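Engineer: One structure follows; several queries about it will come next.
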Amino acid sequence: MGHKKVFISKQLSVIFVLIVVLIITIASLAFFGWTYSKRVSPVEELAGRLMPVRQPTWIATVYGNEQVRVSQPRAVFAANHEIFLADTNNHRILMFDYNGKLVRKFGDDGEQKLVFPYGMAVVEDEVFISDLGLNKVAVFDSKGKFLRFFPVKLSRPVNVVYKDEKLYFADIGTHQIVITDRSGQEIGRIGRPGQKEPGGLSYPNGIAVSSDGRVIVADTNNGRVQVFDQQGRFLEELLGDSAQGKKAFAAPTGLATDKEGNVYVSDPLAKTISIVNRQGQLVSTLQQVGLPQDNDSLSLPTGISIDANQRLYVADYGASRLVIYNLK
Amino acid sequence: MQSCEIRSDPVRCSERKTVSLGKALIVFGLALGMNIVIGFAIGYSFFWDKHQQQDPNQLRIGSAQREVEANTQDPQAHLKLGYAYLVGKETEKALKEYSEAYRLAPNDMQVSYNLALGYIADKQFAEAIKLLEPLTEKVPMDFSAHFSLGEAYSGKGEYDKAISSLSKAAEIKPGDAYVFYTMALVYKQAGEKEKALAKVNEALRLVPEYQQALKLKSSISGENAGGKLSGP
C-alpha cells in the first residue's frame, strides 16, 4: 500500500482539521453531557446489553434523605434511568435518579392526593399508580402533576404492568388480572377466584409479562406463581425448588424478569427474592443486603423491578428502604 | 505543518503547504481520545456510580434533630430524637431527649414509658421501675409496660418480681415467644435451670425455629450436663 497524500492549501487544511476537531468535541460534549444528566455511564449501558446475567450483587441501599425518608414502600419501578418508589406509608411517590439521589416527590399534595399507592408502571411520560386506598388507577406526569384517573373498572387494584400497548392490572377484589388497551378498554381477563386448581387465583399481587408475551402471575395467597398465555389459558406453574419437596413460595408478591427470561419473585414472608429460570427451576435466592460483614438482610421485600441495564430494585417494606443490586 | 519560506519555487512551496491525511487522522484521533478520556474522568469523578452509602441511624437522627429544631416544645419530636439515639446506641443522648420530653409532658404515658426504656438502656433500673410501676397500675393490660418492668426488675436482680411482671405480660400476649424466652433467661440468671428449660421449651413450642431460644436451650442443657456456662 503506497502512502497516499491529500494536497490542500495550508489555510484550508488547518481550518478543516480545526472544524473536525470542533465537531468531535461538540459530539463528545453532547454525548457525555447526556450520560451525565442521566447519571449512567456508557460502559454500564453497554454491559447491560452485552454481559450475561449473574448472581445479584448489592450496589446501594436508599433510605431517602433527612427531609424525605422512605417509609414502608410497597412498589418500585425503574425505567429510563429513573427510579419510582411507592412510599406507601407516606402516601406518595418518590423519584430517584440512577444514583439513588432523590429528585422529587409527588402524590402527597396538589390536586389529587394518593392514599395507599401500591403498584406502578411508567408509560412514556405518564406514571400509572394503582392506589388501594382510592381503589383507582391514578395517572400523573413524570413531573408529579396529576393528569386523570385511568378509566378502567377495577375492584381493588394492587399492581399494574405495561407491555406492548397493553396494561395489565392485578385486582385482588375480583382475584383476576384485567387487561386493557391504552384507552382503558378492557381486552380480557386472566384467572378466576380459586385455590388449588390451575388458573384459580387468590389475591394475585404481582404480574410480569415475558418477552414472548407469557403472563406470569404471583398468586399470593395460594403461595404459587402461575403462567398464562395472552388469552388467559393456564400454561404452567413455576415450581421453584418444590421438586425437592419444599414449598416453592410462601406468599409471592412482586415479579420481574431479566433479559434472559429468568423470573424474580419477591416473597416477603420468606424474606427472600427467589430467582427461577425459564424452565421454572429455582436458580438461587437473594437475602443479603450490603456487604457480607454488614450482616443485614431483606426484611419484607415486596415490589421488585429490573431495568434495561439489568439492575434489580427491591422495595423492602419491612426496613423502609430501596435496595439496588447489579445482575451483570 | 511548516510555513513556506521558499517563495522563489512555487511548486515546492505548494508541496510544503500541505497536510497529509495520516497527520490529520492522528490529530483527529488525539482529539477524540482526549475527549473520551476527559469525558470518562469527569463522569466517574462527578456523575456515575455515585451511590451514597447511607447510615439509616444517622439519617434517622438527622431527621429527628430537624424536627426538634423546628418544634423545640413538642414532646413527640424529642421522643423521636430520643428513639433515634437509642437505636444508634447513644444512650446518654437518648436519655437527655426523653427527659426533655418528660419535662414537657410529665403526664403523657407514652413519654413516661419511653423515658423508662431510656433508663433501662442506661442500666438505671430503679429509675425505670419508678416510672413503669404506675403505668402497669394505670393500664393493667399494657403488655409493653409489664414486659419492660420485668426487664427492669431482672436488671436489678429482683428475679421473682421480674418473673411476676413477665408472667402478666405472657397472660396478655400468650402467643409471644419472646416473653417466654425472656422468662427463661431470668430463670437461668436466677439459677433455676429446670424452670428456665420449661420456659425456653414454651418459646420453642410457639416458634420451633427460634434460633436464640435454641441456643439458650443448648446452653441450659449444657449446664445441666455439667457443661461450660455460657450466655445465649
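The values are calculated or read from the model by the stated rules, or taken from the named source; none is laboratory data. Keep in mind that what you see is a predicted model, and the values were worked out from it rather than measured. A quick note on method: Cβ atoms are made from the backbone with ideal geometry, for glycine too, and the neighbour counts reach across all protein chains shown.
Engineer: Does residue B:70 count as modelled with pLDDT of 90 or more, surrounded by fewer than 16 Cβ atoms within 10 Å (Cβ to Cβ), among the small types (Gly, Ala, Ser) and within 18 Å of residue A:67 (Cα to Cα)?
Structural biologist: On the way: modelled with pLDDT of 90 or more: yes; surrounded by fewer than 16 Cβ atoms within 10 Å (Cβ to Cβ): yes; among the small types (Gly, Ala, Ser): yes; within 18 Å of residue A:67 (Cα to Cα): yes.
Considered against the rule, which asks whether it is modelled with pLDDT of 90 or more, surrounded by fewer than 16 Cβ atoms within 10 Å (Cβ to Cβ), among the small types (Gly, Ala, Ser) and within 18 Å of residue A:67 (Cα to Cα), residue B:70 comes out as yes.
Engineer: What about residue A:295, is it among the polar types (S, T, N, Q) and within 13 Å of the chain's Cα centre (by Cα)? Reasoning before the result, please.
Structural biologist: Values: among the polar types (S, T, N, Q): yes; within 13 Å of the chain's Cα centre (by Cα): no.
Here the answer is no, as residue A:295 does not meet what is asked.
Engineer: Using the structure shown, decide if residue A:253 is surrounded by 15 or more Cβ atoms within 10 Å (Cβ to Cβ) and either at pLDDT below 95 or of a type in the set (Lys, Arg) (or both). Don't jump to the end; show me each part of the working.
Structural biologist: Numbers: surrounded by 15 or more Cβ atoms within 10 Å (Cβ to Cβ): yes; either at pLDDT below 95 or of a type in the set (Lys, Arg) (or both): no.
Considered against the rule, which asks whether it is surrounded by 15 or more Cβ atoms within 10 Å (Cβ to Cβ) and either at pLDDT below 95 or of a type in the set (Lys, Arg) (or both), residue A:253 comes out as no.
Engineer: Quick one: in region B:23-55, of everything that is at pLDDT below 85 and either more than 7 Å from chain A (Cβ to nearest Cβ) or part of a loop (DSSP other than H, G, I, E, B) (or both), which residue is nearest to residue A:319 (Cα to Cα)? Give the derivation first.
Structural biologist: At the first step, the residues of region B:23-55 found to be at pLDDT below 85 are B:23-24, B:52-54.
Filter once more, keeping what is either more than 7 Å from chain A (Cβ to nearest Cβ) or part of a loop (DSSP other than H, G, I, E, B) (or both): B:23, B:52-54.
Working: B:23: 61, B:52: 18, B:53: 16, B:54: 14 Å.
So the residue we want is B:54.
Engineer: Separate question: Could you pull out the residue among A:285, A:302 that is hydroxyl-bearing (Ser, Thr, Tyr), surrounded by fewer than 21 Cβ atoms within 10 Å (Cβ to Cβ) and assigned to a strand (DSSP E or B)? Break it down into steps so the answer makes sense when it comes.
Structural biologist: Details: A:302 fails: surrounded by fewer than 21 Cβ atoms within 10 Å (Cβ to Cβ).
Among A:285, A:302, only A:285 is hydroxyl-bearing (Ser, Thr, Tyr), surrounded by fewer than 21 Cβ atoms within 10 Å (Cβ to Cβ) and assigned to a strand (DSSP E or B).
Engineer: Would you check which residues across region A:64-77 are closer than 23 Å to residue A:291 by Cα and crowded, with 24+ Cβ neighbours inside 10 Å and list them?
Structural biologist: A:64, A:70, A:73, A:76
Engineer: Let me ask something additional. Condition first: of a type in the set (A, V, I, L, M, F, W, C), within 21 Å of residue B:90 (Cα to Cα) and surrounded by fewer than 20 Cβ atoms within 10 Å (Cβ to Cβ). Can you find one or more residues in region B:109-123 that meet it?
Structural biologist: Within region B:109-123, one or more residues are of a type in the set (A, V, I, L, M, F, W, C), within 21 Å of residue B:90 (Cα to Cα) and surrounded by fewer than 20 Cβ atoms within 10 Å (Cβ to Cβ).
Engineer: Do any residues in region A:12-26 that are more than 16 Å from residue B:20 (Cβ to Cβ) have Cβ atoms under 7 Å from those of residues that are part of a helix (DSSP H, G or I) and β-branched (Val, Ile, Thr), where the two are at least six apart or on different chains, and which pairs are they?
Structural biologist: A:21/B:27
Engineer: Which of the numbered conditions does residue A:310 fail, given that it passes all the others? Conditions: (1) touching a helix residue (DSSP H, G or I) at 6+ places or on another chain (Cβ under 7 Å); (2) modelled with pLDDT under 95.
Structural biologist: (2)
Engineer: Hey, another quick one. Being over 14 Å from residue A:142 (Cα atoms) and of a type in the set (A, V, I, L, M, F, W, C) is the filter; apply it to region A:73-101 and report the residue that is farthest from the other protein chains (Cβ to nearest Cβ). Full working, then the answer.
Structural biologist: Residues of region A:73-101 over 14 Å from residue A:142 (Cα atoms): A:73-76, A:87-91, A:98-101.
Remaining after also requiring of a type in the set (A, V, I, L, M, F, W, C): A:75-76.
Numbers: A:75: 21, A:76: 16 Å.
If we take residues in region A:73-101 being over 14 Å from residue A:142 (Cα atoms) and of a type in the set (A, V, I, L, M, F, W, C), then A:75 is farthest from the other protein chains (Cβ to nearest Cβ).
Engineer: I've got another one for you. Condition test on residue A:110, is it of a type in the set (Gly, Ala, Ser), surrounded by fewer than 17 Cβ atoms within 10 Å (Cβ to Cβ) and modelled with pLDDT of 95 or more? Before the answer, list the steps.
Structural biologist: Values: of a type in the set (Gly, Ala, Ser): yes; surrounded by fewer than 17 Cβ atoms within 10 Å (Cβ to Cβ): yes; modelled with pLDDT of 95 or more: no.
It is false that residue A:110 is of a type in the set (Gly, Ala, Ser), surrounded by fewer than 17 Cβ atoms within 10 Å (Cβ to Cβ) and modelled with pLDDT of 95 or more.
Engineer: Only one residue in B:57, B:114 is in contact (Cβ under 8 Å) with a residue 24 or more places away in the chain, closer than 30 Å to residue A:311 by Cβ and polar (S, T, N, Q), so which one is that? Outline the logic, then answer.
Structural biologist: Numbers: B:114 fails: closer than 30 Å to residue A:311 by Cβ.
So the residue among B:57, B:114 that is in contact (Cβ under 8 Å) with a residue 24 or more places away in the chain, closer than 30 Å to residue A:311 by Cβ and polar (S, T, N, Q) is B:57.
Engineer: Say we look at region B:116-159 and pick out the residues that are under 27 Å from the mean Cα position of the chain (by Cα) and outside any helix (DSSP H, G or I); which of these is nearest to residue B:191 (Cα to Cα)? I'd like the intermediate steps shown before the answer.
Structural biologist: Within region B:116-159, the first condition is being under 27 Å from the mean Cα position of the chain (by Cα), and the residues that meet it are B:116-129, B:131-132, B:142-156.
Then keep just the ones that are outside any helix (DSSP H, G or I); that gives B:122-124, B:142.
Details: B:122: 25, B:123: 21, B:124: 23, B:142: 29 Å.
Ranking the qualifying residues of region B:116-159, first place goes to B:123.
Engineer: Then there is this: Would a scan of region A:250-272 turn up a residue that is without any contact (Cβ under 8 Å) to a residue 12 or more places away in the chain, charged (D, E, K, R) and not in a strand (DSSP E or B)?
Structural biologist: Step one: of region A:250-272, the residues without any contact (Cβ under 8 Å) to a residue 12 or more places away in the chain are none.
No: zero hits.
Engineer: Continuing with the same structure: Give the residues of region A:18-72 that are of a type in the set (Asp, Glu) and at the interface with chain B (Cβ under 8 Å from one of its Cβ atoms), sorted by residue number. Even if it seems obvious, please write down each step before you answer.
Structural biologist: To start, the set of residues in region A:18-72 that are of a type in the set (Asp, Glu) comprises A:44-45, A:66.
A:44, A:66, listed by residue number.
Engineer: Looking for whichever is within 20 Å of the chain's Cα centre (by Cα) and within 23 Å of residue A:200 (Cα to Cα) here; the options are A:161, A:152, A:139. Which one fits?
Structural biologist: Values: A:152 fails: within 20 Å of the chain's Cα centre (by Cα); A:139 fails: within 23 Å of residue A:200 (Cα to Cα).
Residue meeting the stated conditions: A:161.
Engineer: Same structure again: If you take the residues in region A:137-161 that are in contact with a Ser or Thr (Cβ under 7 Å, 6 or more places away or on another chain) and in contact (Cβ under 8 Å) with a residue 40 or more places away in the chain, which one is farthest from residue A:215 (Cα to Cα)?
Structural biologist: A:158
Engineer: Checking residue B:107 against (1) closer than 21 Å to residue B:147 by Cα; (2) free of Cβ contacts under 8 Å to residues at least 24 places away in the same chain; (3) in a helix (DSSP H, G or I): exactly one of these is not met. Which one?
Structural biologist: The one condition residue B:107 does not meet is (3).
Engineer: Return the pair list, or none, for Cβ contacts closer than 7 Å from residues in region A:213-226 that are surrounded by fewer than 18 Cβ atoms within 10 Å (Cβ to Cβ) to residues that are among the polar types (S, T, N, Q), at least 6 apart or on different chains.
Structural biologist: Here the result reads A:213/A:230; A:221/A:202, each pair linking region A:213-226 to a residue that is among the polar types (S, T, N, Q).
Engineer: Restricting attention to region A:1-17, and to residues there that are modelled with pLDDT under 80 and within 7 Å of chain B (Cβ to nearest Cβ), which single residue is nearest to the chain's Cα centre (by Cα)?
Structural biologist: Filtering region A:1-17 for residues modelled with pLDDT under 80 gives A:1-13.
Filter once more, keeping what is within 7 Å of chain B (Cβ to nearest Cβ): A:4-10, A:13.
Numbers: A:4: 55, A:5: 55, A:6: 54, A:7: 57, A:8: 56, A:9: 58, A:10: 57, A:13: 52 Å.
Checking each candidate, the answer is A:13.
Engineer: Moving to a separate point now. Of all residues in region B:190-222, how many are surrounded by fewer than 17 Cβ atoms within 10 Å (Cβ to Cβ) and touching a Lys or Arg at 6+ places or on another chain (Cβ under 8 Å)?
Structural biologist: Going through region B:190-222 one residue at a time, the tally reaches 2.
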